[in-house]
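Comments concern the structure below.
The values are calculated or read from the model by the stated rules, or taken from the named source; none is laboratory data. Keep in mind it's a predicted model, so treat the numbers as computed, not measured. Reconstructed Cβ throughout: ideal geometry from the backbone, glycine too, with neighbour counts over all protein chains shown. Calculation scope for accessible area: heavy atoms of the full protein, side chains included, ligands and nucleic acids excluded. Shrake-Rupley method; radii C 1.70, N 1.55, O 1.52, S 1.80 Å.
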Amino acid sequence: MPRRTDSKARMVTAARGLFRERGYLGTAMSDVLAASAAPRGSVYFHFPGGKEELGTEVVLTHSAETTALINRVALRVDTPGEIIRGFLDASLERLVASGYRQGCAVAPIVLEVPQTSTLSEATRRSFQDSVVILAARLTEKGVPAEAAHPLAAAAYAALEGALIISRSLRSTTSFETLRDVLAAEADRLRDEAAGAGGDGASALAAGGA
């Protein structure tokens, strides 16, 4: 039997998986309890604010794990293109392993929750923080600072779109195409900057994202 003391973590993990597959509105608290094998009283004890509070915990967990992933990838690779590949491949591998059932855990909340809610604000911070962290790691690998943020934003936008398209088509082709294009752009920006003494410009940076 699972320990009672880990029921909160199990509920957050279960909710995150259910949001990926069913969406936020399509997931009931009873589904979370069943999937986590948590006692029914756990809802009131750990999440007195109900489903919105649980959703916020899911967003915070997702954001923390995304940051950790980006930092892990950056530590083990040498080029900005490899950071892009590692970041996107993690989501692609999870999608394929789930039989194309599980997408992003945060995207359904963005689409299904009123933009004025506390939970919606948490999703905004999550996306913003992830883009900032990815941009910082790309800069460390040689992408000019003025180009790194637009590229990171494009990579995150591509990730969300690719998850939807790949789930619909049950194919990795579009995901892999986007990954390869963005990785090549990251390396091009680094090489251009190196060739110009660190002052390289980019059409992506000039256009913004």
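Computed over all pairs of different Cα atoms, the Kirkwood value for the hydrodynamic radius of the range 75-117 is 12.5 Å.
Relative to the dominant Cα principal axis of the chain, helix 80-97 is inclined by about 30°.
Apply the a/c threshold of 1.5 to the C-alpha gyration tensor of the range 123-200 and tell me whether it is rounded, prolate or oblate. The shape class here is oblate.
In the range 131-195, Cα pairs under 8 Å separated by at least six residues give a relative contact order of 39 percent. Across the chain, Cα-Cα distances exceeding 25 Å account for 43% of all pairs.
Which shape class, rounded, prolate or oblate, goes with the range 1-105 when its Cα gyration tensor gives a ≥ b ≥ c as root eigenvalues, a/c under 1.5 marks rounded, and past that a/b bigger than b/c marks prolate? Prolate shape, in that a/c is at least 1.5 and a/b is the bigger ratio.
Highest mean first, the peptides 89-99, 183-193 sorted by other C-beta atoms within 10 Å per residue fall in the order 183-193, 89-99. Heavy-atom accessible area, probed at 1.4 angstrom with all protein chains present, ranks 164, 70 as 164, 70, highest first. Only Cα pairs under 8 Å and 6+ residues apart enter the sum, and on that basis the relative contact order of the range 1-59 stands at 42 percent. Rounded to 0.05, the FRET efficiency of the residue 77 and residue 191 pair, given R0 = 22 Å and the Cβ-Cβ distance, is 0.90.
Taking the C-alpha atoms only, the angle from helix 7-22 to the longest principal axis of the chain is near 70 degrees.
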